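Okay, structure first, notes after.
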Amino acid sequence: MRLTEQQINQYNAFGFVVICGVFESLAVGMIEHYMKMRAEGPKPGDTGGTMDVPNDPNHEFPRMINMHDWDQSTQYWATASDLIHIAGELIDDKPVLCQTMLYFKPPGGRGQALHQDQQYITIDPLIGVWVALDESDQSVGQMIVIPKSHQYGLLEVEPADTSVSFTNVQSVIPQDAEQVGLDMEPGDVLFFDGKMIHGSYRNATTDRWRRSFICHYIGENSQSFVASQGKHVSHLKA
Ligand SMILES: O=C(O)CCC(=O)C(=O)O
């Protein structure tokens, strides 16, 4: 699959692009695979979110991380030629997988406060790849993006509202920023720049899941950097 010039321009100008249907034939099987894996019990690095909201269903279905280290299917999907190819076109380098995650987001589950991925992973360029496994719309806590926010550079972090976010840290959001929700179908893929502000709100439904497969890639020529004081999630003042 090759991107059009318009898709590449959209990524560069807005910090993200959605490519429809890339994983359409895989979404159902992936849900089955990860639900079975989740039912096996705890996995290394599980994140159920802050404990101040004990009834958050994310505690029962915590987000998995770096499954590609111990699960062959994840390794296969995360290096699927379409993802690698598109990521490579967008960062103009050979992509290297650096992280995988599976966010279950059951009915009622909290979202993740708005942030820049480089407030977590200090390597540049960095590209996030978010694969919708279920239909994702406003009521299930779809992905929220702030178009063009990659142009702000790395921003400061501040405490997040943990009544709606399972993480306790977020980006300081510039005043003129406009939040846009992305409606996505199973198998649609969002590619986004490591500095583009994004996140999600609570799954407000009682009967729908919002599962997503998330990969992060750096380029072979990407470089590590040190975030200035106050701009990395680890700098959040207690
Ligand atoms: O899936 C979400 O709601 C947020 C995921 C996210 O922000 C991320 O993977 O960096």
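Data table
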quantity: Criterion (under 20 Å from L3 (Cβ atoms) and either away from the ligand (no atom under 14 Å from the Cβ) or open to solvent by 40 Å² or more (accessible area, probe 1.4 Å) (or both)) met by exactly one of P159, P107, P125, P174; calculated: P125
quantity: Segment 106-130 residues that are under 21 Å from A78 (Cβ atoms), paired with ones that are within 10 Å of the ligand (Cβ to nearest atom) and among the aromatic types (F, W, Y) (beta carbon under 6 Å, 6 or more apart); calculated: G128/F192
quantity: Sole residue being away from the ligand (no atom under 11 Å from the Cβ), open to solvent by less than 40 Å² (accessible area, probe 1.4 Å) and under 16 Å from the mean Cα position of the chain (by Cα), chosen from F191, F166; calculated: F191
quantity: In segment 217-236, the residues that are more than 16 Å from the ligand (Cβ to nearest atom) and under 27 Å from Q75 (Cβ atoms); calculated: G219, E220, N221, S222, Q223, S224
quantity: Among residues of segment 145-156, those that are within 14 Å of the ligand (Cβ to nearest atom) and open to solvent by 20 Å² or more (accessible area, probe 1.4 Å), counted; calculated: 1
quantity: Residues of segment 196-216 satisfying the condition of being near the ligand (Cβ under 9 Å from one of its atoms) and touching an Asp or Glu at 6+ places or on another chain (Cβ under 7 Å); calculated: R210, H216
quantity: Tally of residues being closer than 24 Å to A132 by Cβ, without any contact (Cβ under 8 Å) to a residue 40 or more places away in the chain and among the hydrophobic types (A, V, I, L, M, F, W, C) across segment 143-195; calculated: 2
quantity: Any hit, segment 224-236, residues being in a loop (DSSP other than H, G, I, E, B) and open to solvent by less than 30 Å² (accessible area, probe 1.4 Å); calculated: yes
quantity: Top-ranked residue in segment 1-60 [being acidic (D, E) and not in a helix (DSSP H, G or I); ranked as surrounded by the most Cβ atoms within 10 Å (Cβ to Cβ)]; calculated: D56
quantity: Boolean, Y76 is outside any loop (DSSP other than H, G, I, E, B) and open to solvent by less than 50 Å² (accessible area, probe 1.4 Å); calculated: no
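Yes or no, residue by residue, for (1) among the polar types (S, T, N, Q); (2) free of Cβ contacts under 8 Å to residues at least 24 places away in the same chain; (3) within 29 Å of S149 (Cβ to Cβ):
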| site | (1), (2), (3) |
| --- | --- |
| I19 | no, no, yes |
| G41 | no, yes, no |
| N58 | yes, no, yes |
| Q99 | yes, no, yes |
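Conditions (1) open to solvent by 10 Å² or more (accessible area, probe 1.4 Å); (2) more than 10 Å from the ligand (Cβ to nearest atom), marked per residue:
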residue	(1), (2)
D92	yes, yes
Q99	yes, no
Q112	yes, no
L133	no, yes
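The values are calculated or read from the model by the stated rules, or taken from the named source; none is laboratory data. Everything quoted here is computed from the prediction, not taken from an experiment. Reconstructed Cβ throughout: ideal geometry from the backbone, glycine too, with neighbour counts over all protein chains shown. All accessible areas refer to the heavy atoms of the entire protein, side chains included, with ligands and DNA or RNA removed. Shrake-Rupley method; radii C 1.70, N 1.55, O 1.52, S 1.80 Å.
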